[in-house]
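A quick write-up on the structure given underneath.
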Amino acid sequence: MAEKSKKKTEDDAGASSQGNTGGGGATATAKPKKATKRAPKKRPPGFLPPWKVLLHNDDKNSVDFVIVTIVELTPLDKQQAELRTKEADKTGVALLLTTHKERAELYQEQFQSKGLTVTIEPAEEG
């Protein structure tokens, strides 16, 4: 007889863990925590080294075309573009602007695609 009541108790426990009794007897299994990787300490971004974007004089482009192109491709306004164009015409080269290397390379490609001669070089720091 003891075996019958023991079996009945086990059956009742199985039924309650399956949610049939509504008593909340289900056991929750906790997922093991993954080992968290700590990111290396990040330093705040520093300034990138400056590069000069230099406009060279040529005999094939008109002054007006050069001015319009400078205004189109750079943040310079028309008055600043005129000053730099006149400087390049008079001395052979003019500093358009100073920026980081990647942007300087982009300016160089854009001016070359318009037929203007622009070079870049590292700016002297400080």
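What follows is calculated from the coordinates using simple rules that are stated; it is not laboratory data. It should be emphasised that the depicted structure is a prediction, and the values quoted were computed from it without experimental measurement. When we count neighbours, we look across all protein chains shown, and the Cβ atoms used for this are built from the backbone with ideal geometry, even at glycine.
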Which of the pairs 52/78; 60/101; 37/101 have their Cα atoms more than 23 Å apart in this structure?
-> 60/101; 37/101
What are the ³J(HN,Hα) values, in whole Hz, obtained from phi via the Karplus relation 6.51 cos²θ - 1.76 cosθ + 1.60 with θ = phi - 60°, for each residue of the range 106-113 in sequence order, with x given for Gly and Pro?
-> 5, 4, 4, 4, 5, 5, 5, 5
Would you tally the net charge around residue 71, using a Cβ to Cβ cut-off of less than 10 Å, leaving residue 71 out, and scoring K and R as +1, D and E as -1?
-> -2
